[in-house]
1. I'd like to check something: does region 93-105 contain any residue that is in contact with a Ser or Thr (Cβ under 9 Å, 6 or more places away or on another chain) and hydroxyl-bearing (Ser, Thr, Tyr)?
2. Right, Trp144: modelled with pLDDT of 95 or more and either of a type outside the set (Phe, Trp, Tyr) or out of contact with any His (no Cβ under 6 Å at 6 or more places or on another chain) (or both) or not?
3. Which of the residues spanning region 87-103 are among the acidic types (Asp, Glu) and within 21 Å of Asp37 (Cα to Cα)?
4. Filter region 78-111 down to the residues that are small (Gly, Ala, Ser) and at pLDDT below 95 and list them by number.
5. In this structure, is Ser114 at pLDDT below 95, of a type in the set (Gly, Ala, Ser) and surrounded by fewer than 18 Cβ atoms within 10 Å (Cβ to Cβ)?
6. Would region 125-140 turn up any residue that is assigned to a helix (DSSP H, G or I), modelled with pLDDT of 95 or more, charged (D, E, K, R) and out of contact with any Gly (no Cβ under 6 Å at 6 or more places or on another chain)?
7. Considering each of Ser120, Ser143 in turn, give the residue that is of a type in the set (Ser, Thr, Tyr), surrounded by fewer than 17 Cβ atoms within 10 Å (Cβ to Cβ) and more than 23 Å from Asp28 (Cβ to Cβ).
Amino acid sequence: MYDTWFDSNSNKIELSQVFAKIKKYIQDGGKIYVGTDSMLFSTKCIYATAICIHNADMKIANYFFARVNDHSGKSKSLKHKITKEVEYSIEVALLILEEFPTADIEIHADVGTSKRSATSKFVEFIRGWILGSGFTYKVKPHSWASSSIADWHTK
């Protein structure tokens, strides 16, 4: 899925280094947030997944991200694009859970509940998928890991 990870300053970082930083936050009671967003261009779709770590008590926050380019053309379908975003988030969350079985992980989905939102028709499907995978979730406007952090790295 993702071969290359970056820190919040866009420096390459090994996944093992990401896990080492996650371990420190977990030990301090921190929560992990995972979110994916995408940007559709004429010849490709860029997906970016962010692993965000936040410890409110210590007022510490950090994040890591990875990107993938999809040239298949399938992402022109909104349903495919949203499904791929959630798939990437769940895959990364499961990867983290393999390393840290007791981690508190919340997935942020870039879907909205407003009737004006084109993605509102996918909310129940996405909710069930994430909950069924064993994670808590947030959607817009509370899904900042996807709609703010990951979004920034899709451009």
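1. No, region 93-105 contains no residue that is in contact with a Ser or Thr (Cβ under 9 Å, 6 or more places away or on another chain) and hydroxyl-bearing (Ser, Thr, Tyr).
2. no
3. Once the filter is applied, which keeps residues that are among the acidic types (Asp, Glu) and within 21 Å of Asp37 (Cα to Cα), region 87-103 yields Glu87, Glu91.
4. Ala103
5. In short, yes.
6. Yes, the conditions are met somewhere in region 125-140.
7. Of the residues listed, the single one that is of a type in the set (Ser, Thr, Tyr), surrounded by fewer than 17 Cβ atoms within 10 Å (Cβ to Cβ) and more than 23 Å from Asp28 (Cβ to Cβ) is Ser120.
So that you can scan it fast, the table gives a plain yes or no per residue for (1) of a type in the set (Val, Ile, Thr); (2) out of contact with any Leu (no Cβ under 6 Å at 6 or more places or on another chain); (3) touching a residue at least 24 places away in the same chain (Cβ under 8 Å):
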| residue | (1), (2), (3) |
| --- | --- |
| Ser77 | no, yes, no |
| Lys81 | no, yes, yes |
| Ser89 | no, yes, yes |
| Leu97 | no, yes, yes |
| Thr102 | yes, yes, yes |
| Asp110 | no, yes, yes |
| His142 | no, yes, yes |
| Ser148 | no, yes, no |
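The values are calculated or read from the model by the stated rules, or taken from the named source; none is laboratory data. Remember, it's a predicted structure, so these values are computed and weren't measured experimentally. Note: ideal-geometry Cβ built from the backbone for every residue, glycine included; neighbour counts use all protein chains shown.
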